Amino acid sequence: MPKLKLSSAEMVAQSRARIREIETPELIALVDDPNTVIVDIRDIRERQRSGFIPGSFHAPRGMLEFWVDPDSPYFKEIFGEERQFVLHCASGWRSAISAATLCDMGFEVAHLREGFSTWEAQGGPVEFPEKP
């Protein structure tokens, strides 16, 4: 197996060094803030299995760069609003890399440092999708 020039862990560390990270208690306090959009970049199956932060907006990681770009045919209006955006994934790795990429694009965003994995244990509210 070839040696990678940069490991995923190194990518996360480099990303974290240059982005804004939010701790879980801080984001819990912002759940009902109308000026904050919590963006869940996890796979839809993760949201179904583990639940999600009430009011969060689901943006699959693979589409995120296209959804925030107003020149993209995939642009989503929510990303054109003057609000604070906070990304999260399960453990904070994907959201760190995604936040760094969006910052490189000129889009202001933060991410939940620990991800959703400790959200409920730290008192964060969780909703589950309704069963069909």
Open item on the list: Considering only residues that are among the hydrophobic types (A, V, I, L, M, F, W, C), within 22 Å of GLU81 (Cβ to Cβ) and more than 9 Å from the chain's Cα centre (by Cα), which ones fall in region 34-62?
Closed with: VAL37, PHE52, ILE53, PHE57
Task: Pair list, Cβ under 9 Å, 6 or more apart: region 71-88 residue outside any strand (DSSP E or B), other residue of a type in the set (Ser, Thr, Tyr) - done: ARG83/THR36
Open item on the list: Just to be sure I understand the filter: pairs with C-beta atoms under 6 Å, separated by 6 or more residues or on different chains, first member in region 6-24 and at pLDDT 95 or above, second member aliphatic (A, V, I, L, M) and not in a helix (DSSP H, G or I). Which pairs pass?
Closed with: ARG20/ALA110; ILE22/VAL86; ILE22/ALA110; ILE22/LEU112
Task: Counted residues, region 103-123 - those being open to solvent by less than 10 Å² (accessible area, probe 1.4 Å) and under 20 Å from GLU46 (Cβ atoms) - done: 4
Task: Complete set of residues in region 109-120 that are among the small types (Gly, Ala, Ser) and modelled with pLDDT of 95 or more - done: ALA110, GLY115
Open item on the list: Name the single residue that is surrounded by the fewest Cβ atoms within 10 Å (Cβ to Cβ) among those in region 41-69 being touching a strand residue (DSSP E or B) at 6+ places or on another chain (Cβ under 6 Å) and closer than 24 Å to MET11 by Cα.
Closed with: HIS58
Open item on the list: Please go through region 39-80 and give me each residue that is of a type in the set (A, V, I, L, M, F, W, C) and touching a helix residue (DSSP H, G or I) at 6+ places or on another chain (Cβ under 7 Å), ordered by number.
Closed with: ILE41, PHE57, ALA59, LEU64, TRP67, VAL68, PHE75, PHE79
Open item on the list: Scan region 70-90 and tell me whether some residue there is open to solvent by less than 60 Å² (accessible area, probe 1.4 Å), touching a His at 6+ places or on another chain (Cβ under 6 Å) and among the small types (Gly, Ala, Ser).
Closed with: no
- [ ] List the number of the failed condition for SER117; all other conditions in (1) touching a Cys at 6+ places or on another chain (Cβ under 7 Å); (2) part of a helix (DSSP H, G or I) hold.
- [x] (1)
TODO: Taking the residues in region 86-101 that are small (Gly, Ala, Ser) and closer than 10 Å to ARG61 by Cα as candidates, determine which candidate is nearest to the chain's Cα centre (by Cα).
DONE: SER95
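The values are calculated or read from the model by the stated rules, or taken from the named source; none is laboratory data. Source: prediction; values computed, not measured. Cβ: placed from backbone, ideal geometry, glycine included. Neighbour counts: every protein chain shown. In case anyone asks, the SASA skips ligands and DNA or RNA and just uses the protein heavy atoms, side chains included. Shrake-Rupley method; radii C 1.70, N 1.55, O 1.52, S 1.80 Å.
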